Amino acid sequence: MSDSPIDHTASFGFRDVPAGEKEKLVRGVFSSVARNYDLMNDLMSGGVHRLWKDAMVAWLNPQPRLKCLDVAGGTGDIAFRIAKAARRRGGDADITVCDINAEMLGEGVKRAEVLGEKSIGWVVGDAQALPMPDNSFDSYTIAFGIRNVTRIEKALEEAQRVLKPGGRFLCLEFSQVVVPGLDVLYDKFSFHILPKLGEAVAGDRDAYQYLVESIRRFPPQAKFARMIEAAGLSQVKIRNLSGGIAAMHSAWKI
């Protein structure tokens, strides 16, 4: 293992912080915004995040009895979609949501109780050290979560570990805008409007400032694809959404 200083730091927005502190800082962000997280997603994206998540689950094409792990899925947006899609095909999927933040999971559990959804299990756990055995899931999904982990490479290695041979990895994340001109508009909206929305609706400007900055620090599409391959996953494919504001990465454990 290298002793370079980079091994001991991690990005927290535009700041580099000691690697051991990032998890605590990120947990604080999501504990603060958990209650208003889904509302803020609607306001931040004009509701478009719903279409992106629908596209992700459509690409996954979940079937009955599929054993699914949704990581960083606290409030259940992806899990509920998977459950509904599998049920349309004739039966329940076996879904586990794993999130490091208990407050986010609590919001998901409340939603499940309101909806009467019983096919989803809820587990507190770290994407970098999943509390699941090797080769145990048919699919691994993560939406808007992987950029918040301290070591993305470690999270990808864990995804590869818990997937069964033939299992599917699918990630939805904010990415690099590929449409000329849209990047300028998106930057103006992100840096000038989103923190103000966070302050007005969630009472936490700093949390949303971090979220905007974390998007800019996340690797662009091609680099992230190479990281997925380096973790031992194969057949990586990329689909840009809304001009690259978000992107999906799909891969398989061969």
Which listed residue is farther than 17 Å from Ala247 by Cβ and part of a strand (DSSP E or B), from Lys118, Lys154, Lys188, Lys164:
Lys164
Restricting to the stretch 198-254, and then to whatever is hydroxyl-bearing (Ser, Thr, Tyr) and over 17 Å from the mean Cα position of the chain (by Cα), can you tell me which residue is modelled with the highest pLDDT?
Ser234
Among what's in the stretch 78-101 and is surrounded by fewer than 24 Cβ atoms within 10 Å (Cβ to Cβ) and within 16 Å of the chain's Cα centre (by Cα), pick the residue that is nearest to Val48 (Cα to Cα).
Arg81
How many residues does the stretch 175-215 hold that are closer than 16 Å to Ser45 by Cα, in contact with a strand residue (DSSP E or B) (Cβ under 8 Å, 6 or more places away or on another chain) and buried (at least 21 other Cβ atoms within 10 Å of the Cβ)?
1
Could you figure out which of (1) out of contact with any Phe, Trp or Tyr (no Cβ under 8 Å at 6 or more places or on another chain); (2) modelled with pLDDT of 95 or more; (3) under 20 Å from Lys24 (Cα atoms) isn't true of Ile82?
(3)
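The values are calculated or read from the model by the stated rules, or taken from the named source; none is laboratory data. The structure presented is a predicted model; accordingly, all values stated were derived computationally and were not measured. Don't worry about glycine lacking a Cβ; one is built from the backbone with ideal geometry, like all the others, and counts go over all protein chains shown.
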